[in-house]
C-alpha cells in the first residue's frame, strides 16, 4: 500500500467514526466557535457588546445546550472594553475558511473545526507514516486522539503539530520549528520545544547559524510563539490569560505525575498498550544500539516531556471536561514517542514487527470503543484501574482530591463528603464537632488534624477500620470544596451510630449486587442498602411527604428502626410472612433519616 493509499484509508476510517457521532460542543469548545464566528465576520477575536447580540443566538441555534451560556461572563475584559477568552484565537482563525463554507450551506460550525482537525491529523499522518511504519502509525493516530477529531478543541491541532515538529526535526529543522511555533500559539509551554529544537540543531550542525532557511524558520517560529503573549500583554497586561486561571507556583510530585500516572485521568491507565510499546521500544534500542537513545531528537523529546509535565502541574483544574476520561494534556505526550518509535522501526526485526502489529491492532479496537467520538465526555470514569484501586486497595492510591470528588460525583463540582459505593475510600472535610461522615458510611472518629474545620483527609478502609491520610497537593488544590451537610450523618448521632454499626457488623456489609432484589418499591424516600449473610441494613432519607418502601425478604426477619439524627431506637419490627412476600413499611411522621436493621429470626 502506498503512502497516499494509507492516508486515504486512515481518513476514510476517521470519517466513519465521525459519522457515528452527533456534532456538538463540549468543554471550552464554545469559546473557539465564537471567536471563529467573529473572525469570519471580519471582526476582531475579542468580543464586543454588539457582537454578543449576533453571536448568542447564532451559537444557540446550532447547540441548544449553549442557549443559556453567558458569553460575556466567560470572557475577560480588555483595555477597550471588548472581552477575550482564556484560550487564544489562532486555532479559531485557521477554521475561518471552512466556517465560511458551513455558513453558506447553513450547517453547524462544528463541521468547520472537524475539517480543520482532519487536515492537521492527516498532514501529521503523512509525514509520520514512513518514519515509524504503518503499525506504529495505527497506534499513534488510532489512539485517544480520535475522540477529539469532531470537537472544536485544539487537541488534534496540538497533537499533529508536535508530531510534525519531532518527525521533521532532523531532516527539515526549519519546518519543525515552524510547526512547534504554531502549536505554541495555543499553548505557550510548547515554546520550550522550539528552543530545544533550535539548540539541538545548532549543537549538531556548525553551519546552522549561517543557514538562511534555518534562521527564517526560527524567526517565524518564535514570532508565532510570541503572538499570544504580545497580544495578551497589550490588552490585559499579562503574557497569557492562562496565568490568571493557573497562577505560577511550585508543583508537588503528585501534580507532576497526575497526567502520565493517575489511575483515572492518566496516560498509563487510559492508553496502556502505547506505554508498553514505548517501554519495549526503549529496551529494544538499548540492547541493539544504545547510543541511539542519546540522539538529539530523543533528548529533545525527553526534555520537552519534562517541560510539559511541569506546565501541566500548574493547572488548578486537573479534572477538566471535554474528555471521555483521560486528561487532554496527556495527548501532548503521545507524539513525543515518535523519535523512539522511528528507531525501533529501523532496528527491530520480525519479532518486533509482529509484536507491534498485534499491539497496534488490539489498541485500535479498544480505542475505537473507549474513545469513539460519540462517547460522552467524562463517561469513562472511573477507569478500571481507578475502580480497582479505590475499592479493593484504597490505601494504594490517594489522588488529588479534585479528581476523586468530581469523579465520584459525576460532575465538575468540589463537594464533600464523598465516598465510593461501598465506603472503601472516603474524602472527608473536618467540621469540628459537627458531622463529617457521608451516609451510609461508618462514622469513625476522625484524627485531630482531620477534624479541624476545613481540613480534608482520605479515609481508606482496612478490614474493620479506617486509615487516615492527608490528600496530596498544595493548598490551592484543596480550596473550593463545599461541605454538603445533608449528605452527612449528624454530629450528635455519630457516637451512638458508631456503637450500632459495630453491633450490626457494618464492616462486613456490602452494597447489593442486584439493587432491586430486596427493595422492590420506594416512594418519596432515598434508600441505601447494605447486605450481609442473613442480615440487611437500610438507610432511609425522606424526600417528600409520603416516604414508603416495599421489601421482599428471603426469610422471616426481625430488627429495629432507629432515628438517624439521634441514634435512638424508634421501634422493634419483624417480618413473619412467606419468603419474598411484599412487606410495606412507612417512615414515622416527623423523621427525616431512619436506619432499618434486619436479621434472620
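Between the beta carbons of residue 470 and residue 248, assuming R0 = 22 Å, the FRET efficiency works out to 0.40 to the nearest 0.05.
The label point for residue 448 and the one for residue 11, both projected 7 Å from the Cα toward the Cβ, are 7.0 nm apart.
If you average the sequence gap of Cα pairs under 8 Å that are 6 or more apart and divide by the length of the chain, what percent do you get for the contact order? Don't skip to the end; give the middle numbers.
On the way: 1032 pairs, mean separation 61.6, N = 601.
The normalised contact order for the chain reaches 10 percent.
Modelled label positions at residue 302 and residue 543, each set 7 Å beyond Cα in the direction of Cβ, lie 5.6 nm from each other. Taking the longest Cα principal axis of the chain as reference, the axis of helix 272-289 is set at about 50 degrees. A Förster radius of 51 Å combined with the Cβ-Cβ distance from residue 384 to residue 216 puts the calculated FRET efficiency at roughly 0.55.
The simple spin-label model puts a point 7 Å past each Cα toward its Cβ; for residue 514 and residue 206 those points are separated by 8.1 nm. Its residues counted as N, segment 506-600 yields a C-alpha radius of gyration over 2.2 N^0.38 Å of 1.00. Convex hull volume per residue, computed on the Cα atoms of segment 430-537, equals 135 Å³.
May I ask for the equivalent-ellipsoid semi-axes of segment 292-381, computed as the square root of five times each C-alpha gyration tensor eigenvalue and listed largest first in whole Å? It would help to have the intermediate numbers written out before the result.
Numbers: eigenvalues 155, 101, 8 Å².
Whole-Å semi-axes of the equivalent ellipsoid: 28, 22, 7.
Convex hull of alpha carbon positions in the chain: directionally averaged projected area 32.5 nm². Each of 574, 201 was scored by other Cβ atoms within 10 Å of its Cβ. Listed from fewest to most, they are 574, 201.
For segment 384-489, what value does the Rg/Rh ratio take when both radii are computed over Cα atoms and Rh is the Kirkwood radius, given to two decimals? Write out the running numbers ahead of the final one.
Numbers: Rg = 12.3 Å, Rh = 13.5 Å.
Taking Rg over the Kirkwood Rh, I get 0.91.
Before anything else, pin down the relative contact order of segment 155-307: Cα pairs under 8 Å, at least 6 apart, normalised by residue count, whole percent.
On the way: 151 pairs, mean separation 32.3, N = 153.
Relative contact order comes out at 21 percent.
The ratio of the alpha-carbon radius of gyration of segment 328-436 to the globular-protein estimate 2.2 N^0.38 Å is 1.52. Helix 155-168 and the long axis of the chain differ in direction by around 40°, with both axes built from C-alpha atoms. Here segment 8-124 is treated as a Stokes sphere of Kirkwood radius computed over C-alpha pairs; at 25 °C and 0.890 mPa s its diffusion coefficient rounds to 165 µm²/s. As a rough guide to protection, the peptides 411-418, 510-517, 19-26 ranked by mean Cβ packing within 10 Å, highest first, stand as 411-418, 19-26, 510-517.
The stretch between residue 580 and residue 353 holds 75.8 nm of extra length on full extension. This uses 0.36 nm per residue minus the Cα-Cα distance. Start at zero, step by 10 Å, and the Cα-Cα distances of segment 154-247 spread as 18, 46, 26, 10, 0 percent across the bins.
Any idea what angle helix 350-370 forms with the longest principal axis of the chain, computed on alpha-carbon atoms, 0 to 90 degrees, nearest 10? Orientation of helix 350-370: about 60 degrees from the principal axis.
Dividing the helix sum by the residues of the chain, where each DSSP H run of 4 or more adds -39500 (n - 2.57), gives a mean residue ellipticity at 222 nm of -15000 deg cm²/dmol.
Given the convex hull over the Cα atoms of segment 341-405, what projected area results after averaging over all orientations, in nm²? Don't jump to the answer; show the numbers that get you there.
Values: hull surface 28.5 nm².
Answer in nm², one decimal: 7.1.
Straightening the chain between residue 369 and residue 411 buys 12.9 nm, computed as 0.36 nm per residue apart minus the Cα-Cα spacing.
Label point of residue 316 set 7 angstrom out along Cα-Cβ; within segment 217-248, amide nitrogens under 12 Å from it belong to 242-248. Annotation: for a label point projected 7 angstrom from Cα along Cα→Cβ of residue 393, residues of segment 252-268 with backbone N closer than 14 Å are 263.
Read-outs throughout are calculated quantities, based only on the coordinates presented, and are distinct from any laboratory measurement. These numbers come from a predicted model, not from an experiment. A quick note on method: Cβ atoms are made from the backbone with ideal geometry, for glycine too, and the neighbour counts reach across all protein chains shown.
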